[in-house]
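Since the structure comes first, as structure tokens, the remarks are kept for the end.
The values are calculated or read from the model by the stated rules, or taken from the named source; none is laboratory data. Keep in mind it's a predicted model, so treat the numbers as computed, not measured. When we count neighbours, we look across all protein chains shown, and the Cβ atoms used for this are built from the backbone with ideal geometry, even at glycine. Calculation scope for accessible area: heavy atoms of the full protein, side chains included, ligands and nucleic acids excluded. Shrake-Rupley method; radii C 1.70, N 1.55, O 1.52, S 1.80 Å.
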Amino acid sequence: MQVRVLFFGVLRDMAGQSAEVLNLSEPATLNDVLRHYQTSIPAFHTLGRSLAMSINQEYAGPQAKLHPGDEVALLPPVSGGSRSSAFKSMRFPGGAV
Amino acid sequence: VAQFDKEESRTRDYRVAKNATLRATQHAKTGRVGGPVARASSLGCARDFGSGLKRPLDASTSRRKRGLLGMTMNPHGCVQIVRETIDAAAILANFKYPADGAMVTFEGVVRDNSRGRRTLYLDYEAYEVMAIKEMNRLVEAALAQFSIRQVMIVHRVGRLNIGETSVLIAVASAHRAAAFDACRWLIDSLKRTVPIWKKEHFEDGAVWADGQAFPANVQESSQSS
């Protein structure tokens, strides 16, 4: 099956492109996508475990199953807004993520 | 019939019960209770940036307010990603309501240095569809967690020069403590979960800013293998 993979920020620079269509053998999970790029783009390892992934604009874990036509994104740690904080009440109710 | 929703240039009629609120009309629109959060936020703001979901509606009010709808036709309501200058005063001109006793605003501003290097400008990039979703979630979560009436978030993308505003957050409430708390929670959460990145351009090169770690519930779900 085919999924569309999007790259953002530093990952886009490493991948040398902003998006591509990836062919995967079924059944496939997000982890298969991650492993594919960790193999083909060694620089991805420099991000270690700090990146997140999404399927169809929702955060998802490595075991999440993929379906044909899904939009997958590889997301480096975000940096919008300002820097640093010690605010404690960081909660995400209602399935925010 | 309350005619109140003008979205993507279309005006629609919804039939709602007497004493209905915006939250009730959300259900009328989505056809089920607890419809998409993004819709709730959109409706909450779509009338005039000033109406909380619990605000009572009536047909005459809706007609009276109809003239205001034109300025808030953005389907994303009070959450926006823009490419042009963020003019806080203009955006907030109609934000306050008579019941508000406090309005807290935060502006993230492009600083002229970073870790000892002189910054020339920043390039902001967003995964826009997801960023809008996540910002709408933050708005809904803030409205549920804090005693506040309304929230607005506007984030700019593209090239920003020193001194320009990258993000504007406004919170209105009856009392100041909740507005301060909610505003702080919103900016802190935004920069951890909303997929927006910035590239810092210096005199001697450029680098993607180090982001903070994703929250544990994102991190665990994404990296547990």
- Task: Please list the non-local residues whose amide H lies under 5 Å from the amide H of B:I148, H modeled 1.01 Å from N, same-chain partners needing a gap of 5 or more.
- Result: none
- Task: Classify region B:79-225 as rounded, prolate or oblate, taking a ≥ b ≥ c as the square roots of the eigenvalues of its Cα gyration tensor: rounded when a/c is under 1.5, otherwise prolate if a/b is larger than b/c and oblate if not.
- Result: oblate
- Query: What whole number of Å gives the distance from the Cα centroid of region B:182-212 to the Cα centroid of region B:85-142?
  - Reply: 12
- Note on the structure: trypsin sites (Lys or Arg not before Pro) in region B:162-192 lying in a DSSP loop, each with at most 15 other Cβ atoms within 10 Å of its Cβ, come to none
- Message: Given a 1.4 angstrom probe, I'd like the percentage of the accessible area of region B:81-225 that is carbon and sulfur, rounded to a whole number.
- Response: 50
- Rh (Kirkwood, all Cα-Cα pairs) for region B:75-147, Å, reads 15.4
- Per Stokes-Einstein, at 20 °C and 1.002 mPa s, what whole-number D in µm² s⁻¹ belongs to region B:171-219, with the Kirkwood radius over Cα pairs as the hydrodynamic radius? 162
- Item | Rg/Rg_globular for region A:1-49, with Rg_globular taken as 2.2 N^0.38 Å and Rg from C-alpha atoms | 1.12
- Message: For the interface of A with B, what's the total buried accessible surface in square angstrom, probe 1.4 angstrom, rounded to the nearest hundred?
- Response: 4100
